Amino acid sequence: MEQIFFYTAFAIAVISAASVVLQNKVMYSALSLIITLLTVAWIYAMLSAPFLAIVQVILYAGAIMVLLLFVVMMFRYDETEHKRLRPDLLGVFSVLVAVIFAGVLVSLFSCSCFENAPVPADFGSIKSIGSVLYTQYLVPVELASVLLLVAVVGAVMLAVKR
């Protein structure tokens, strides 16, 4: 029964992710992205990682998508001015990538190598995520924070009118 729910969530995530790329209207694409992010949160919840599921919903589906929608509305994006160079080629390429990705994931999950893998009792908890992030991956976390700081400073420098 769990596999049925997992493959349903997987199918919804792949279809909505393909819809993000294939939509002609920006708002429909943003709504498809919200569906994709909520489905990923569903998959996290099914993997017994409630903290990751909650963070996915609050941070990505909530805050980031509200920010994206405000930016789209602020710039008054006009659908008539938007012309894709080759929408048919982009659609074929994105569907091809989605099908290949889905095939790889289905073949990986149908493999018997994942069936008896033990899951730690504190999998997905705040303590286990924090201990891994700040011990084993301390340098990449700090490099990512410096990179984000440089990106914010660069965006402010570009936005300031001289």
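Pulled fully out, how much extra length does the chain show between residue 63 and residue 25, if you take 0.36 nm times their separation in residues and subtract their Cα-Cα distance? Working shown, then result.
On the way: separation 38, 0.36 × 38 = 13.68 nm, distance 2.11 nm.
Working it through step by step, the gained length comes to 11.6 nm.
Based on the Cβ-Cβ distance of residue 160 and residue 125, what FRET efficiency does E = 1/(1 + (r/R0)^6) give at R0 = 45 Å, to the nearest 0.05? Mind showing how you got there, number by number?
Details: r = 43 Å, r/R0 = 0.95.
The computed FRET efficiency comes out at 0.55.
When ranked by the protection proxy of mean other Cβ atoms within 10 Å per residue, highest first, what sequence do the peptides 2-13, 37-48 form? Don't jump to the answer; show the numbers that get you there.
Values: 2-13: 13.4, 37-48: 18.3.
The densest-packed peptide leads the list: 37-48, 2-13.
No value in this document is a laboratory result; all are computed from the given coordinates. Not measured: the values here are computed from a predicted model. In this analysis, Cβ positions are derived from the backbone assuming ideal geometry, glycine residues included, and neighbour counts consider all displayed protein chains.
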